[in-house]
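Novice: Sharing a structure below in structure tokens format, with a few things to ask.
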Amino acid sequence: PHEDTHCAPPPMTDIPPESVDVELSSLAPPPDAVTAEQIHLPPSDQIMVTDKELDDDFTGAHPDPEAAGATMELLAREPEPGTSGSYPFPVESEGAIRPYHVNPFKNDAVCMITDWFKSILVAGTLFPLRLAVLLLSLVLGMLAITIAGLGFERGSYNPTHGISWLRTVLLSPVRLCARGILFAFSFWWINVDVEGNPSPVDAPVLVVASHCSTFELLYFIYQWQPMFLCHTTVQEVPFLGKCAQLMEAVFVERLDETSRREALTIIDQCLTRTKPRPIIFFPEGTWTNGQCLIAFKTAAFRLGFPVLPIALQYPHTSLNVAAVGRAGTCFFMLRMMLQLYNRMDVHQLGVHTPTLEEIKNPSLFADNVRRVIARKLELETTEHTHEDSHLMELTQDCGYHLRNAAATLDVASVQQHCDISAEALFKLLHTFKELDLDSTGRLDYRGFLAVTELPETAYSHNLFQYLDPSRSARVTFADYVQRLTVIKNKQAAHQRMQLAYLLCNKSGSGKLTLAEMDAACENVNVPEARKMAGMQMLVPGSRGGADWIRFDLFAQWLDQNREVLNMFLLSPSNPLLKLIKWH
């Protein structure tokens, strides 16, 4: 029973020219700067520059990486003679996207030797009883659903009309069956903590988090037999579909905006009738491991009714029952039944009556309720959504370290800051996996040289340091996404100009010379008149006879000639393009 709403990302705008910071005010010229004649560039007639999507070509043949410790040694090694220089931009402590320290979609259930002994003990004592209770609960539950559903036509189902009291009474044994299933899966006792005296009568909208598995739904069926939201495909499941209809479930198609709107209208009509049945919302919209609270969807809060926040958690030592990661398999379910006991703690908090401001702003309403639940559970909050859960499903073959790194980002923030779709992010993740990564799921300097086919020079050092702004000697997936999407991300104007400066500075000295600038313009076929106007503007960057261009003047010129900036970044001679696939 998930619920979902769609929120469009905020509009993207270019950074104004006055926001470009002034870098490199006065630097001395390098004594051994490389001239334009020494730089090997392809003929200009072989260069094709376009602002359309780049070709889906990728050079992936490269050797295995060396040991992780060799990266620092390689970066610390002196560059080849004639290429000494330094990275011209300051170290960045963090990017626009700050990774979280928790992955809400992994389940690292461990099994110690003591757990094996306990499982063996339970297998010979409690397990036969639990298995019998499970089978009996399922049989009696299906029998009750069959009897309560006699004469019930699915085509005539309308939750706004309600279900007759007789069918509700006939369905009541399902509540005991739900508790029996919980008992079979080792939930002997469920701790319920009630603050004050809240009840569904005071607040018929029940907001539950964390949403970790189907076991909490079984608990609420046993406790209140409420209404709930579920996907339209549930109607086709034998017994379960009819049971959902008899409980006045509201069916919704997650990706259909019209279906979501109609579902809210139906719920509003159900809650305004006399003695409404409480309705359960799981505003996270997807399963998590219970280690944090992800973003709340706003459907439950758009109704404007008072809500009853319910904080739910599964305290554990070794086995987390959350249905994420490796959980959900038959072996995992069997292991749950072989536990001495599993815990479920339910905290019913005070009724939250929305203020006028919260009624006008459902997102504020949702954030305030999430904050109350997070404070009770002592959890941090993240902005992950069901799209991040989908990302984890698509990365089953990406290795533990890379999957964990991908989950510490949230798709919504990446879309906002990097101007990239969720589908493109999924493809970038698989492309990053194909690179020459080390054992930690990161790209080191040797892997970078292998993919880009660059020699070990100051130029390659600078480009790698651009990808590694924190100077950790390894490029994380977060760095990879943030730094390479700059090539097409027009809202990251300052970073795009920095990259263009590095690409033009073939000597890697950190000081772009006039000769290098002239060669770069020739390389991408900048019109002669525009190039000459730019060179005249950039000449004042030379001080004391130094033949180099200050970055602030370079950025000012590119800000006035954005098409030239695109030429520099999208040129096939850009070696960083070998690190990505644009679809």
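The values are calculated or read from the model by the stated rules, or taken from the named source; none is laboratory data. The structure displayed is predicted, hence computed values, not measured ones. Note that we place each Cβ from the backbone using ideal geometry, even for glycine, and neighbour counts take in every protein chain shown. Just the protein is used for accessible areas: all its heavy atoms, side chains included, with ligands, DNA and RNA removed. Shrake-Rupley method; radii C 1.70, N 1.55, O 1.52, S 1.80 Å.
Novice: Can you tell me which residues in the stretch 298-323 are more than 16 Å from Ile279 (Cβ to Cβ) and either of a type outside the set (Val, Ile, Thr) or open to solvent by less than 30 Å² (accessible area, probe 1.4 Å) (or both)?
Specialist: Matches in the stretch 298-323: Ala311, Leu312, Gln313, Tyr314, Pro315, His316, Ser318, Leu319, Asn320, Val321, Ala322, Ala323.
Novice: For Glu383, are the conditions met, namely being in a loop (DSSP other than H, G, I, E, B) and more than 22 Å from Lys578 (Cα to Cα)? Break it down into steps so the answer makes sense when it comes.
Specialist: Details: in a loop (DSSP other than H, G, I, E, B): yes; more than 22 Å from Lys578 (Cα to Cα): yes.
Considered against the rule, which asks whether it is in a loop (DSSP other than H, G, I, E, B) and more than 22 Å from Lys578 (Cα to Cα), Glu383 comes out as yes.
Novice: Can you find a residue that is open to solvent by 20 Å² or more (accessible area, probe 1.4 Å), under 24 Å from the mean Cα position of the chain (by Cα) and not charged (D, E, K, R) anywhere in the stretch 342-363?
Specialist: yes
Novice: Name the single residue, out of those in the stretch 147-163 being open to solvent by 80 Å² or more (accessible area, probe 1.4 Å) and not in a helix (DSSP H, G or I), that is farthest from Ile267 (Cα to Cα).
Specialist: Leu150
Novice: Out of the residues in the stretch 183-238 meeting the condition of being assigned to a helix (DSSP H, G or I) and hydroxyl-bearing (Ser, Thr, Tyr), tell me which one is surrounded by the most Cβ atoms within 10 Å (Cβ to Cβ).
Specialist: So in the stretch 183-238, the residues assigned to a helix (DSSP H, G or I) come out as 183-184, 215-223, 232-236.
Now narrow it down to the ones that are hydroxyl-bearing (Ser, Thr, Tyr): 219, 222, 232-233.
Working: Tyr219: 20, Tyr222: 18, Thr232: 14, Thr233: 10.
Residue satisfying both the conditions and the ranking: Tyr219.
Novice: On to the next question. Give Ala123, Ala144 a once-over and let me know the one that is farther than 22 Å from Ser213 by Cα, touching a Leu at 6+ places or on another chain (Cβ under 8 Å), open to solvent by 40 Å² or more (accessible area, probe 1.4 Å) and among the aliphatic types (A, V, I, L, M).
Specialist: Sole residue among the options that is farther than 22 Å from Ser213 by Cα, touching a Leu at 6+ places or on another chain (Cβ under 8 Å), open to solvent by 40 Å² or more (accessible area, probe 1.4 Å) and among the aliphatic types (A, V, I, L, M): Ala123.
Novice: A follow-up question, please. Can you pull out the residues in the stretch 477-500 that are open to solvent by 30 Å² or more (accessible area, probe 1.4 Å) and part of a loop (DSSP other than H, G, I, E, B)?
Specialist: If the condition is that a residue be open to solvent by 30 Å² or more (accessible area, probe 1.4 Å) and part of a loop (DSSP other than H, G, I, E, B), then Lys488, Lys490, Gln491 are the ones that fit.
Novice: Filter the stretch 248-283 down to residues that are under 19 Å from Ser199 (Cα atoms) and among the aliphatic types (A, V, I, L, M) and give me whichever is modelled with the lowest pLDDT.
Specialist: The extreme case among them is Leu271.
Novice: Does the stretch 168-178 include one or more residues that are buried (at least 17 other Cβ atoms within 10 Å of the Cβ), among the hydrophobic types (A, V, I, L, M, F, W, C) and over 22 Å from Pro278 (Cα atoms)?
Specialist: No - not one qualifying residue is present in the stretch 168-178.
Novice: Could we say that Ser472 is open to solvent by 20 Å² or more (accessible area, probe 1.4 Å) and among the hydroxyl-bearing types (Ser, Thr, Tyr) here? Outline the logic, then answer.
Specialist: Numbers: open to solvent by 20 Å² or more (accessible area, probe 1.4 Å): yes; among the hydroxyl-bearing types (Ser, Thr, Tyr): yes.
Yes; evaluated as a whole, the condition is true for this residue.
Novice: Further question: Output the qualifying pairs, or none if there are none: Cβ atoms under 6 angstrom, residues six or more apart or on different chains, first residue in the stretch 224-235 and farther than 20 Å from Ser172 by Cα and of a type in the set (Ser, Thr, Tyr), second residue crowded, with 16+ Cβ neighbours inside 10 Å and at pLDDT 85 or above.
Specialist: From residues that are farther than 20 Å from Ser172 by Cα and of a type in the set (Ser, Thr, Tyr), the pairs are Thr232/Phe251.
Novice: Which residue is farthest from Leu409 (Cα to Cα), if the candidates are limited to the stretch 378-395 and must be among the hydroxyl-bearing types (Ser, Thr, Tyr) and modelled with pLDDT of 85 or more? Before you say what the answer is, go through the steps one by one.
Specialist: Initial filter on the stretch 378-395 (among the hydroxyl-bearing types (Ser, Thr, Tyr)): 381-382, 385, 389, 395.
From what is left, the residues that are modelled with pLDDT of 85 or more are 381-382, 385.
Details: Thr381: 13, Thr382: 9, Thr385: 11 Å.
The extreme case among them is Thr381.
Novice: Also, quick follow-up: Return only the number of the condition from (1) out of contact with any strand residue (DSSP E or B) (no Cβ under 8 Å at 6 or more places or on another chain); (2) at pLDDT 85 or above that Leu512 does not satisfy.
Specialist: With respect to (1) out of contact with any strand residue (DSSP E or B) (no Cβ under 8 Å at 6 or more places or on another chain); (2) at pLDDT 85 or above, Leu512 is out only on (1).
Let's see how each residue does on (1) buried (at least 21 other Cβ atoms within 10 Å of the Cβ); (2) assigned to a helix (DSSP H, G or I):
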residue	(1), (2)
Leu409	yes, no
Ala412	no, yes
Gln416	no, yes
Ile420	no, no
Glu423	no, yes
Leu428	yes, yes
Thr431	no, yes
Gly441	no, no
Phe448	yes, yes
